[in-house]
Amino acid sequence: MSNMEKTLSIVKPDAVERNLEGEIKEIFKNNGFQIIKEKKIQIEKSEAEKFYKVHETKPFYNDLCGYLSSGPIIVMILQKANAVKENRELMGATNPKDAHDGTIRKKYGISIDKNSVHGSDSVDNAKIEIDFFFKD
Ligand code: IDP
Ligand code: MG
């Protein structure tokens, strides 16, 4: 199949806390994503700092890393044709206030920091992020 891709998805602590894991996984499946691997984990702040290193100069970096490590998360490898772009579209804008109807962040996001899901932003970063969580 052409352009079959994998991307990394994370159900963030705000969504896990509200027991939205099942609903969000259904949305992915209903939109043609296959969940190749998944696990529920809680990471250390130092690991979040590594994961979000691209944002280390941003004013929200410390809060962001504290937040991602504040509770359990679901990390998943999603597969679909053009999975990276398709997942970004299904997630919606970073700020739920700007997210369109039908997107996960519009439906579940609370705020720009508690926006319920993460998704890789490029094919290269998807590979790096999948390795980060699933390299054995
Ligand atoms: P993305 O998750 O849509 O790719 P990024 O710009 O990569 O957005 O930012 C990573 C995460 O950092 C966002 O999902 C959001 O939780 C948080 N974030 C981004 N911008 C801000 C901000 O201006 N204030 C607080 N948190 C932010
Ligand atoms: Mg990003």
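Each value in this text was obtained by applying a stated rule to the coordinates, not by laboratory testing. Just so it is clear, the model here is predicted, and its values are computed rather than measured. Here the Cβ is made from the backbone with ideal geometry for all residues, glycine too, and neighbour counts use every protein chain on show.
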> Does the stretch 21-58 hold any residues that are more than 16 Å from ligand 1 (Cβ to nearest atom) and either part of a loop (DSSP other than H, G, I, E, B) or aliphatic (A, V, I, L, M) (or both), and which are they?
Replying inline: Ile27, Asn31, Gly32, Phe33, Ile35, Ile36, Ile41, Gln42, Glu44
> Quick check, is Val75 closer than 25 Å to Glu44 by Cα and within 11 Å of ligand 1 (Cβ to nearest atom)?
Replying inline: no
> Given the conditions (1) within 13 Å of ligand 2 (Cβ to nearest atom); (2) out of contact with any strand residue (DSSP E or B) (no Cβ under 6 Å at 6 or more places or on another chain); (3) in contact (Cβ under 8 Å) with a residue 40 or more places away in the chain; (4) of a type in the set (Ser, Thr, Tyr), which single one is not true for Tyr67?
Replying inline: (1)
>> If the requirement is being surrounded by 15 or more Cβ atoms within 10 Å (Cβ to Cβ), assigned to a strand (DSSP E or B) and within 16 Å of ligand 2 (Cβ to nearest atom), which of these qualifies: Leu8, Leu90?
In response: Leu8
> Tally time: how many residues in the stretch 1-27 are within 23 Å of Leu64 (Cβ to Cβ) and in contact (Cβ under 8 Å) with a residue 60 or more places away in the chain?
Replying inline: 12
>> Based on this model, can you work out whether Asn95 counts as within 13 Å of ligand 2 (Cβ to nearest atom), over 19 Å from Gln42 (Cα atoms) and exposed (fewer than 15 other Cβ atoms within 10 Å of the Cβ)?
In response: yes
